[in-house]
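Chemist: I'd like to ask you about the structure that follows.
The values are calculated or read from the model by the stated rules, or taken from the named source; none is laboratory data. Here the structure is a predicted model, which is why all the values come from computation and not from measurement. When we count neighbours, we look across all protein chains shown, and the Cβ atoms used for this are built from the backbone with ideal geometry, even at glycine.
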Amino acid sequence: MSDLNAILAPGMFVRHPDYPDWGIGQVQSNIGGKITVNFPDQGKMVIDGTRIALMPVFDP
């Protein structure tokens, strides 16, 4: 799997491919493959970027 998560920077918007009901989250940090995303209903979630390819949202 190519590491598209490497382009994710704080302030960017993403969706979780396995949990579309979480809605659009905003990246808080991306450090060492651990991506912290703040989802509106789910709150802050730490995603393992080596296992989950978050989907960037360019027009939230």
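Chemist: State the number of residues belonging to the stretch 4-33 that are touching a strand residue (DSSP E or B) at 6+ places or on another chain (Cβ under 9 Å) and either at pLDDT below 95 or small (G, A, S) (or both).
Modeler: Summing the residues that are touching a strand residue (DSSP E or B) at 6+ places or on another chain (Cβ under 9 Å) and either at pLDDT below 95 or small (G, A, S) (or both) in the stretch 4-33 gives 11.
Chemist: Continuing with the same structure: Those residues that are surrounded by fewer than 18 Cβ atoms within 10 Å (Cβ to Cβ), touching a residue at least 12 places away in the same chain (Cβ under 8 Å) and within 18 Å of P60 (Cα to Cα), I need them from the stretch 22-43; list them, please.
Modeler: W22, G23, I24, Q26, Q28, N38, P40, D41, Q42
For (1) under 10 Å from the mean Cα position of the chain (by Cα); (2) of a type in the set (D, E, K, R), each residue gets a yes or a no:
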| site | (1), (2) |
| --- | --- |
| L8 | yes, no |
| H16 | yes, no |
| D21 | no, yes |
| G32 | no, no |
| T50 | no, no |
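Chemist: Follow-up. If you take the residues in the stretch 1-21 that are surrounded by 15 or more Cβ atoms within 10 Å (Cβ to Cβ) and touching a residue at least 40 places away in the same chain (Cβ under 8 Å), which one is farthest from D59 (Cα to Cα)?
Modeler: The qualifying residue farthest from D59 (Cα to Cα) is N5.
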